[in-house]
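Right, one structure below, let's go through it.
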Amino acid sequence: MIIAIDGPAGSGKSTIARRLAERLRLTYLDSGALYRALTYMCMRDGVDLGDVPAVVKFLEALDIDLQYAAGRQRVLANGRDITAEIRDPAVTRQVYYVAKEPAVRKEMVAHQRAFGKRGDLVAEGRDMGTVVFPNADFKFYLDAGADVRAQRRHRELREKGMEVPLEQLRKEIEQRDRTDMERKVAPLKRAEDATVVDTSDMTIDEVVEHVMERIEKGRK
C-alpha cells in the first residue's frame, strides 16, 4: 500500500506522514529530505547549484538513504548522518535551485520510486500523488494559510535554537509557494483524486485521525 501526501511548505506533511507511518507500520518517505540532502552536500563540497550537469553527476554518485527508528528519521549521505544539517535555513533557501531542474528531478524520482519497490510506504512531498506515485492507493493534499505555516516554522526553528524573524519566514514561504507552483516540471498541485485537508485550525492529532478515518473507510 502506498499513501501519498502532498502540500506546500509548513502544511504539516512531514509530521502527519510520520504519524501515519507509525500507526500503520509502514515505511516513511520524506522526499523533501532527499532534495535537502543533495543541496547540503553540493554546498558542502563546493558543487555549483546552478551547474545542472555537475549537480546531476554529483547526485548519481551520491548515496542518500533514509532510516526511521525510535520515532526519529535519520538522513544519511554516503553513510554520514546529516539529519540536522539539512534543516539549516541556508539549505532551505537554496534547495529550490536543485528542485526546479528537470534533469535533477528525473534522477530523484527514480530514487524515490526505488523506495516504493521495497514495500508499503507513506510518501510525502509536493509531487508524490501527481508524478512519483500517480497510482497510489490513497492521496491527500494538506494545506494551511501562509501565516499559520510561518508560525509553525518559527516554532520549529526556535526549538532547535535558531532565531529567524517571523516576517522573513512568511515571505520565504510565500516565495517558495510561487516557485513550487510555477515551476515547469512537476509543479506543486493537487492530484485530481486527492482528498484536500485544510490543517489551519486543526491539531496534529485531529489531522491524523481525519486521514486515518479516510484510509480505514477506503480499505473496507
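Just so it is clear, none of the values below were taken in a lab; they were calculated from the coordinates. None of these values were measured; they are calculated from a predicted model. Reconstructed Cβ throughout: ideal geometry from the backbone, glycine too, with neighbour counts over all protein chains shown.
Before moving on, here are some points about what is shown:
- Given charges at Cβ of Lys, Arg, Asp, Glu: the chain dipole, positive-most of Y96, T27, G50: T27
- Charged side chains reduced to their Cβ positions (Lys and Arg at +1, Asp and Glu at -1) give region 2-204 a dipole of some 240 debye around its Cα centre.
- Placing R0 at 35 angstrom, the Cβ-Cβ distance between T203 and R80 gives a FRET efficiency of 0.50 after rounding to 0.05.
- Here the Debye sum runs over all C-alpha atoms of the chain as equal scatterers in vacuum, and log10 of I(q)/I(0) at q = 0.12, 0.16 Å⁻¹ comes out as -0.61, -1.16.
- Viscosity 1.567 mPa s, temperature 4 °C, Stokes-Einstein D of region 1-70 from Kirkwood C-alpha radius, µm²/s: 93 µm²/s
- Selected from I204, I16, Q67, residue furthest toward positive end of dipole (the chain; charges at beta carbon): Q67
- Inter-centroid distance (Cα atoms) of region 90-152 relative to region 44-88, Å: 15 Å
- Order of V47, V122 - criterion: other Cβ atoms within 10 Å of each residue's Cβ, fewest first: V47, V122
- FRET efficiency estimate (nearest 0.05) - Cβ-Cβ, A61 to H210, R0 41 angstrom: 0.45
- A crude spin-label estimate for the pair D193 and V52, with each label 7 Å from Cα along the Cβ direction, gives 3.1 nm.
- Fraction of beta bridges assigned by DSSP in the chain that are antiparallel (%, nearest 5): 30 percent
- Along the chain, the longest continuous region that contains none of the GluC sites (Glu not before Pro) in a DSSP loop with at most 15 other C-beta atoms within 10 Å is 1-162.
- Entry for region 13-125 at q = 0.10, 0.12 Å⁻¹: log10 I(q)/I(0) = -0.28, -0.40, Debye formula applied to identical alpha-carbon scatterers, no solvent contribution.
- Of the residues G129, G79, G116, the one that moves most in a GNM of the chain with alpha-carbon contacts below 10 Å is G79.
- Fewest neighbouring Cβ atoms within 10 Å first, the residues L166, L157, L29 line up as L166, L157, L29.
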